[in-house]
Structure formats: structure tokens, C-alpha cells
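Asks: There's a structure below that I have some questions on.
Nothing in this text is a laboratory measurement; each read-out follows from the coordinates by a stated rule. This is a predicted model, so every value here is computed, not measured. Ideal geometry is used to build each Cβ from the backbone, glycine not excepted, and the neighbour counts take in all protein chains shown.
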Amino acid sequence: MIRPLFTLLIPSWLFLLGASWTADGLRDGWLSGTLADPWGLAIALLCFLGGAFWLYHVRQAFLPLATFREGDRPAPHAALVLLVSPPKPEQPPIDLSGNLNQDIAALDASRWNWQQLLRAIQPHVATARHVVLIGSSGKEGSYHHLETCQTLLARYLPTATFTQAPAVDFQKLEATRETIEQIFADLRQQGVPERQILIDVTGGTKTASIAAALATLRHHRVEFQYVEGGSAPLIYNVVSQAPATLDS
């Protein structure tokens with residue numbers, strides 16, 4: 001956080017310099033009409049007001065900020081990041097038609113866990129252009145199933161570009177969070193605005209879901225969603241920013 005503090009020092013210095021300089025000008029005769037250096041006072045006022053304005057606009061980097069928003073109707077997004085669990089059972093219990101709404105309804109009687117992936121993409125079918133799949137590492141991990149998952153979802157998202165993120169241990173919170181933040185950065189480099197990025201935290205482990213939610217904290221416009229049972233996805237946006245410190 002050295003850089004944010006340096007950003008704070010410059011406007012603070014301008015503000016204090018301008019305040020001191022302005023006070024000297026007032027003391028030396030501004031109000032009495034005997035001011036000898038009007039340009040000096042003008043520069044002092046500019047430093048004072050400019051520093052105050054600058055400090056106002058950088059305040060969020062140094063003041064705690066927390067906002068929370070939730071809803072039950074996620075807006076359509078262009079980029080989806082999905083945590084993927086191993087399919088149980090491995091094959092869908094019915095023949096899928098390729099019609100998303102019909103297939104979700106037909107799967108209601110089953111306990112196939114990938115039905116939740118279909119519910120997760122449902123609000124975004126018309127807008128999704130990027131889909132990033134995250135699988136867990138290890139012999140029993142879901143990374144080995146990502147190709148099957150991609151084939152499944154591509155039936156309903158034919159215009160989307162799919163990417164498979166490197167395998168990550170879903171039990172390691174920090175590693176999972178870093179993987180997700182890198183995905184956010186990659187999507188931004190591809191020209192996707194943050195407000196168009198959404199991560200679904202339904203799949204994976206509880207630790208992975210927590211890591212995904214934490215990854216959105218510093219990205220004010222990135223939302224996450226969760227599919228509960230047979231309901232539509234719930235959407236959340238949590239923003240938290242701690243004060244800057246020299247040792248963080």
C-alpha cells in the first residue's frame with residue numbers, strides 16, 4: 001500500500017502548503033486591500049482548493065468502505081466464471097434435448113448436481129460471450145471433467161468462447177482466490193468491463209465458494225451468484241476496502 005499512501009501525500013502537501021500560504025496572504029493585507037503579491041495568493045488558493053478537491057477524490061483508498069447488495073434477478077452478463085464440481089452421477093440421468101428450459105424441468109426429478117450449472121447460465125444465455133470453467137485438482141478433482149462440462153454448456157451457449165482455467169486445489173482458499181482474480185484480470189484484458197463479469201459460486205467446495213466471494217471484494221462491479229435448490233440464481237455484490245497501511 002506504499003503507492004496509495006504516496007498518492008495521499010501529494011494532495012495533502014498541496015492542501016497544507018496552500019492553507020499556510022493563503023493564511024500568510026490574508027495576514028499580510030489581502031482583506032485590507034494592500035496585498036503586494038496577488039499572483040502569489042492566487043497560486044496559494046489554487047493549491048489549497050486543488051489539494052482539498054484531490055483529497056476528496058482519493059478518500060476511498062484510505063477510508064473503510066463496505067456495501068452489500070442482493071437480489072433474485074441477476075442481470076444478463078457477458079462473461080461467466082463457473083466453479084465446477086465433479087458430476088454425480090457422471091452421465092445425465094436423462095437424454096438432454098438441447099432446450100435449456102425443458103432440460104432443467106426434465107432434470108427436476110433427478111439429483112444430478114450439474115443441473116445447477118444449467119440454472120446458473122439460464123439468465124445469461126442471450127448475452128454470454130465468455131465462459132471460464134474452474135476445476136479442482138487431484139485424482140478425484142473436477143478438472144478432468146471440464147471438457148465434458150464445456151461440451152454440455154456449449155449446447156446452450158453456442159456463441160460463447162470457453163476457457164478452462166488451470167486446475168486449483170479447492171481446499172486452498174488463497175490459491176483459489178488468486179486464480180479467480182487472475183481470471184478477472186484476463187477478462188479485463190480482453191475488453192470485458194467489470195460490470196459484465198459474474199462468477200457463480202454454486203459448484204466446488206464451500207472453501208472455493210468463499211474464495212470466489214472474497215475475490216469480488218476488491219472488484220466493485222463484479223457480482224457473484226448462487227443457485228439454491230430448484231430456485232433461480234440469487235445475485236450478490238459485496239464491496240469492502242480496508243484503509244491503507246505501510247505494512248500491508
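Asks: Find, to one decimal place in angstroms, the Kirkwood hydrodynamic radius of segment 86-202, where the mean of 1/r is taken over every pair of different Cα atoms and then inverted.
Replies: 15.2
Asks: For a quick check: sort Lys206, Lys139 by the number of other beta carbons within 10 angstrom, fewest at the front.
Replies: The fewest-first ordering by Cβ neighbours comes to Lys139, Lys206.
Asks: Output the peptides 177-190, 208-221 sorted from most to least packed, where packing is the average of other Cβ atoms within 10 Å over each peptide's residues.
Replies: 208-221, 177-190
Asks: Given R₀ = 22 Å, what would the calculated FRET efficiency be for Asn101 paired with Gln164, taking r from the Cβ atoms and rounding to 0.05?
Replies: My answer for the efficiency is 0.25.
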